[in-house]
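Read-outs: derived from the displayed coordinates by stated rules, not from any lab. Computed from a prediction, not measured in an experiment: that's the story for all the values here. Reconstructed Cβ throughout: ideal geometry from the backbone, glycine too, with neighbour counts over all protein chains shown.
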């Protein structure tokens with residue numbers, strides 16, 4: 001009888017392990033299946049020639065963490081206060097700060113199915129429905145102070161959030177970067193990263209592809225060397241290519257990864273339009289919007305997505321090929 005109980009116990013343990021493995025494999029399989037079946041559109045951004053530069057009204061703090069509500073309206077965070085505001089790009093108007101009845105400043109805000117997902121400074125997660133006030137806001141997850149986001153975006157086809165981990169000042173010499181996910185259906189952070197990359201790989205890619213980098217960083221010995229620090233401030237998924245764009249404000253650099261986390265392109269933004277690029281998002285057409293976190297040049301820069309009907313030779317301005 002004892003052997004039978006022991007055998008049943010072992011079977012139960014094995015069943016739990018198998019179930020967990022299936023769930024883990026199923027999640028990865030689901031993402032890869034969605035990625036493989038995605039119909040990419042060929043196109044490019046001409047990052048050296050912005051289509052428009054919209055200066056924000058006087059008296060408004062710079063906007064970061066842009067997320068689109070509809071073609072005209074965006075939700076953003078004011079960089080100096082951590083307040084969440086609405087921005088209408090057609091009228092160029094910024095709303096008063098939304099009052100969610102919460103005391104802590106916000107790190108990120110994302111639009112998901114007309115709701116707002118809010119992340120405070122402790123990485124606690126809240127959801128708010130229109131009219132986006134204290135009554136319509138609920139807490140979903142308690143914060144984790146060991147994990148801070150550098151930027152968050154929605155990956156619509158898998159209904160997950162992508163989170164690029166912040167790089168604290170005391171860990172800036174670490175060249176490893178990681179993108180994580182948040183499962184919206186289960187309202188939980190996924191501990192395993194979606195993919196990781198090394199800043200040294202970006203430096204090597206730039207050298208191989210003649211991307212001119214004019215930045216310097218400190219190595220582990222405290223010496224100044226040529227290269228990228230790449231401290232992420234924004235992440236966004238291009239709706240026409242399913243590629244993942246990550247912006248580093250300090251380097252004025254965008255790195256582009258394919259849907260499997262492989263580096264496929266990068267570009268350094270020009271000083272003329274991008275004085276201090278911080279926030280980044282796309283509209284449904286694939287146009288790129290970048291905000292300058294700059295009191296003097298407090299602006300939103302738009303670069304249109306140009307669809308390709310014939311293949312072009314690759315250069316530093318071509319994305320999505």
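Miscellaneous remarks
- Taking label positions 7 Å along the Cα-Cβ direction at both residue 191 and residue 297, the computed distance is 4.4 nm, reported to one decimal.
- With R₀ fixed at 30 Å, the C-beta to C-beta distance from residue 48 to residue 93 puts the FRET efficiency at about 0.55.
- Estimated inter-spin distance, residue 173 and residue 284, nm [label 7 Å along Cα→Cβ]: 5.0
- Gyration tensor verdict on the range 38-307 (Cα atoms; rounded if a/c is under 1.5, prolate if a/b is larger than b/c, oblate otherwise): rounded
- A simple spin-label model places the labels of residue 307 and residue 58 4.2 nm from each other, with each point 7 Å out along Cα-to-Cβ.
- Gain on full stretching of the segment that runs from residue 271 to residue 80 - 0.36 nm per residue minus C-alpha separation: 66.5 nm
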